[in-house]
1. So which residues in the range 80-101 are at pLDDT 90 or above and in contact with a helix residue (DSSP H, G or I) (Cβ under 9 Å, 6 or more places away or on another chain)?
2. What's the total number of residues in the range 5-35 that are within 18 Å of residue 63 (Cβ to Cβ) and part of a loop (DSSP other than H, G, I, E, B)?
3. Search the range 36-89 for residues being out of contact with any strand residue (DSSP E or B) (no Cβ under 9 Å at 6 or more places or on another chain) and not in a loop (DSSP other than H, G, I, E, B), and hand back the single one that is farthest from residue 9 (Cα to Cα).
4. Only one of (1) under 16 Å from residue 88 (Cα atoms); (2) surrounded by 13 or more Cβ atoms within 10 Å (Cβ to Cβ); (3) within 13 Å of the chain's Cα centre (by Cα) fails for residue 53. Which number is that?
5. Within the range 4-20, work out how many residues are without any contact (Cβ under 8 Å) to a residue 12 or more places away in the chain and touching a helix residue (DSSP H, G or I) at 6+ places or on another chain (Cβ under 7 Å).
């Protein structure tokens with residue numbers, strides 16, 4: 001899994017991205033399509049049309065890093081929206097990369113107990 005440093009924002013480029021793009025092509029998409037600075041140090045995540053490949057681009061002190069994960073048998077549960085970009089938290093990114101939905105149901109409910117006098 002990818003480690004996301006504290007304070008780093010995570011942006012998903014919604015829709016499909018051509019996975020033939022590498023650092024240069026993806027950094028141009030960050031600047032033009034997502035309207036963000038590719039040099040910000042934030043994490044920008046892209047997915048292909050088949051939802052089998054995810055790439056994450058980020059600036060690390062003195063150069064770009066590109067991280068990729070390819071699924072062999074399943075599909076990423078990439079969110080669908082008319083928006084170009086979606087900001088998520090690092091926990092949601094881990095869920096997404098694990099094959100889970102961004103919004104997880106609560107595993108337990110808090111029960112409210114009242115004192116009976």
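The values are calculated or read from the model by the stated rules, or taken from the named source; none is laboratory data. These figures come from a predicted structure and were not determined experimentally. Cβ atoms come from the backbone with ideal geometry, glycine included; neighbour counts cover every protein chain shown.
1. Answer for the range 80-101, where residues must be at pLDDT 90 or above and in contact with a helix residue (DSSP H, G or I) (Cβ under 9 Å, 6 or more places away or on another chain): just 88.
2. The total comes to 4.
3. Looking at residues that are out of contact with any strand residue (DSSP E or B) (no Cβ under 9 Å at 6 or more places or on another chain) and not in a loop (DSSP other than H, G, I, E, B), I get 63.
4. Unmet for residue 53, out of (1) under 16 Å from residue 88 (Cα atoms); (2) surrounded by 13 or more Cβ atoms within 10 Å (Cβ to Cβ); (3) within 13 Å of the chain's Cα centre (by Cα): (1).
5. Selection size over the range 4-20: 0.
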